[in-house]
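A short reminder: the numbers here are calculations on the coordinates, not readings from a lab. Keep in mind it's a predicted model, so treat the numbers as computed, not measured. FYI the Cβ positions are ideal-geometry reconstructions off the backbone, even for glycines, and counts take in every protein chain you see.
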Amino acid sequence: MSTAQSGAARALPVREIPAPSLPRPSERLRLVQAPAQTRSRAPFVLLCIGLLAAALLGTLVMNTVMNNEAYAARDIQIQIAREAEIADQLGEQIDALSSPQALAARATELGMVQSPNPGVLRLSDLMIFGGASGAGAAQ
């Protein structure tokens, strides 16, 4: 180490920090206004509760209507099945009444007689062949 450095320590420049100025007593105390009234949360809470109640009520009404419509659709399907059954029964009756045996029996009941020699109509020239005769001729 050198003698110059080992000697007296060099003094660093010192800055003076200004002392804070204390406020005067009249500046320290002042009149503060009361805080403005904060809005109440009650209207917002009531709005949320109202929306929730309306949603629940809407869901209840919609489910009720859907159930009623489901019952109505079921009733209509039952009615359609009954009508289809009646249509099948009527179709069977038509088939039974239009059979050749049933037609012959009904014609006999009405007093009709079967022709022994039926006539034939040729459509190309509209000629009738055969001995078609009236009902009185066959008796």
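Worth pointing out:
- Fully extending the segment from Asn68 to Arg10, taken as 0.36 nm per residue of separation minus the present Cα-Cα distance, adds 10.6 nm.
- Computed label-point distance, nm, for sites Leu47 and Met112 using a 7 Å Cα→Cβ extension: 8.6
- Computed E for Ala54/Glu85 - FRET, C-beta separation, R0 35 angstrom, nearest 0.05: 0.15
- Charge dipole (debye, nearest 20) of the range 33-139; +1 at Cβ of Lys and Arg, -1 at Cβ of Asp and Glu: 780
- Difference of contour (0.36 nm per residue) and Cα-Cα distance, Val120 to Ser40: 18.4 nm
- Reciprocal mean inverse distance between Cα atoms of the range 30-76 - Kirkwood radius, Å: 14.7
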